[in-house]
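Since the structure comes first, as structure tokens, the remarks are kept for the end.
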Amino acid sequence: MNYQKSEKILKEINSAKNILVNCHLSPDADSVGCALSMFQILKKIGKKVKVVSPSNVTDNLKFLPYFGEIQKINFKKFNFNNYDLFLVLDTPSPDYLTGSKKTPLPKIPIIVIDHHQTNPKFGKVNLIDRNISSAAELLFLVLEDWNIKLDKNIATTILAGIIGDTNVFRYPSVTVQTLNISRSLMQLGADKNEIIFNIFSSVDINRIKFWGEILAGFKMEKDKKFAWTAVSYEIYEKYNSPESGRESASSNFGQIIEGTDFSIFMTEEQKNILSVGLRSRKNFDVSKIAHDLGGGGHKAAAGVKIEGVEFEEAVEKVLKVARKYAK
């Protein structure tokens, strides 16, 4: 067995009748891939299930099987009384589940399956593997423990999560196990090329223009060996508020800036709500910066939201903490 807690999680699922599965705030391919994989598994074993998200999902993931099952909800208004279990996947903290630090967790049993280094274990059952490439790879191993037979559709959603969260196998967390699992998913019919094309080569023109604003605003702090950029709400709105604009820019450009140990991408996605992404080069641990600011993530990639603070003040708050940890 890969994980001792797999059996306990399955027991909780078997005891439940109506189950929720989440996508996290500004969901990426790993979040969506895990949610849709779990949706299919729960349907296979005869459970009622709904997939929910606190924010919209980008159109480039529409190619995934059962994408239409994802429902955007307001966590403050949603009626959780109709459900007896919440499976929370690939979610580093409660606010990434609910969409805001001000929104409390629902009062139903929560099971957390995650790989983020800073996860505070906020579930009734917590299966956290901090040394694995993606939540999708972790979920594959859990499904293996459950002796679940995968089909092409499930293989596709799991492989999409792995490819998305490793940036096509580029990150240090990728291991021989990651590649062997991906190989087995491809043998089941998952199309690696289709996944890469949709996730990385199908970008809305507004998002590309927004990337231009992000890149034009970069500043270097050579003595501290990091680069940073910050975009106000007015500019974000100018480009029709591109979904995951900051996240995708972080993934594409965050690890390529010469002379840096890390980079910071900041976007005011709502007035006085600053979304922050950090990306590491070499072995710098950006999760420490994110954690200090109230966020979380991995050593190589982390994030946080600064709420209730004006743009300039929020940017300076992030930079102050970054300078503290910079070499």
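Do any residues in the range 1-12 that are part of a helix (DSSP H, G or I) have Cβ atoms under 7 Å from those of residues that are loosely packed, with under 11 Cβ neighbours inside 10 Å, where the two are at least six apart or on different chains, and which pairs are they?
none
Tell me which helices (runs of 4 or more DSSP H) are completely within the range 245-327 and hold 3 or more residues being among the charged types (D, E, K, R) and modelled with pLDDT of 95 or more, or say none if there are none. Don't jump to the end; show me each part of the working.
Details: elements: 245-253, 287-292, 311-325.
Passing ranges, in order: 311-325.
(1) of a type outside the set (Asp, Glu); (2) closer than 21 Å to Pro120 by Cα; (3) within 17 Å of the chain's Cα centre (by Cα): which one isn't true of Lys288, the others all being true?
(3)
Could you grab me the full set of residues in the range 188-210 that are in contact (Cβ under 8 Å) with a residue 12 or more places away in the chain and not in a helix (DSSP H, G or I)?
The initial filter retains those residues of the range 188-210 that are in contact (Cβ under 8 Å) with a residue 12 or more places away in the chain, namely 188-192, 194-196, 198-200, 202-204, 206-207, 209-210.
Correct list: Leu188, Gly189, Ala190, Asp191, Ser202, Val203, Asp204.
Of a type in the set (A, V, I, L, M, F, W, C) and in contact with a Lys or Arg (Cβ under 8 Å, 6 or more places away or on another chain): which single residue out of Val286, Val304 fits that description? Give the steps one after another, and end with the answer.
On the way: Val304 fails: in contact with a Lys or Arg (Cβ under 8 Å, 6 or more places away or on another chain).
After ruling out the rest, the residue left standing is Val286.
Let me confirm something: among Ser184, Ser201, which residue is among the hydroxyl-bearing types (Ser, Thr, Tyr), out of contact with any helix residue (DSSP H, G or I) (no Cβ under 7 Å at 6 or more places or on another chain) and at pLDDT 95 or above?
Ser184
Can you run down the residue pairs with Cβ atoms below 6 Å, 6 or more apart or on separate chains, where the first is in the range 80-103 and closer than 23 Å to Ile41 by Cα and the partner is at pLDDT 95 or above and hydroxyl-bearing (Ser, Thr, Tyr)?
Final answer for the pair search is Asp90/Ser31; Leu97/Thr91.
Could you go through the range 221-231 and let me know if any residue there is in a strand (DSSP E or B) and out of contact with any strand residue (DSSP E or B) (no Cβ under 8 Å at 6 or more places or on another chain).
Going through the range 221-231, the residues in a strand (DSSP E or B) turn out to be 221, 226-231.
Of the ones still in play, those that are also out of contact with any strand residue (DSSP E or B) (no Cβ under 8 Å at 6 or more places or on another chain) are none.
No; the residues of the range 221-231 include none that is in a strand (DSSP E or B) and out of contact with any strand residue (DSSP E or B) (no Cβ under 8 Å at 6 or more places or on another chain).
In the range 5-23, how many residues are in contact with a Leu (Cβ under 9 Å, 6 or more places away or on another chain) and farther than 27 Å from Gln71 by Cβ? Reasoning before the result, please.
Within the range 5-23, the subset in contact with a Leu (Cβ under 9 Å, 6 or more places away or on another chain) is 5-6, 8-9, 12-13, 15-23.
Next cut, farther than 27 Å from Gln71 by Cβ only: 5-6, 8.
Within the range 5-23, residues that are in contact with a Leu (Cβ under 9 Å, 6 or more places away or on another chain) and farther than 27 Å from Gln71 by Cβ number 3.
So which of Ile9, Ile13 is under 14 Å from Ile110 (Cα atoms) and under 22 Å from the mean Cα position of the chain (by Cα)?
From the options Ile9, Ile13, the qualifying one is Ile9.
When you look at Gly33, is it surrounded by fewer than 16 Cβ atoms within 10 Å (Cβ to Cβ), modelled with pLDDT of 95 or more and within 23 Å of Ser244 (Cα to Cα), yes or no?
Taking the combined requirement at face value, the residue does not satisfy it.
Specify the residue that is surrounded by the fewest Cβ atoms within 10 Å (Cβ to Cβ); the eligible residues are those in the range 244-286 that are in contact with a Pro (Cβ under 9 Å, 6 or more places away or on another chain) and over 18 Å from Ser100 (Cβ atoms).
Asn283
The values are calculated or read from the model by the stated rules, or taken from the named source; none is laboratory data. It should be emphasised that the depicted structure is a prediction, and the values quoted were computed from it without experimental measurement. Counting neighbours? That spans all protein chains shown, and the Cβs are built from the backbone with ideal geometry, glycine included.
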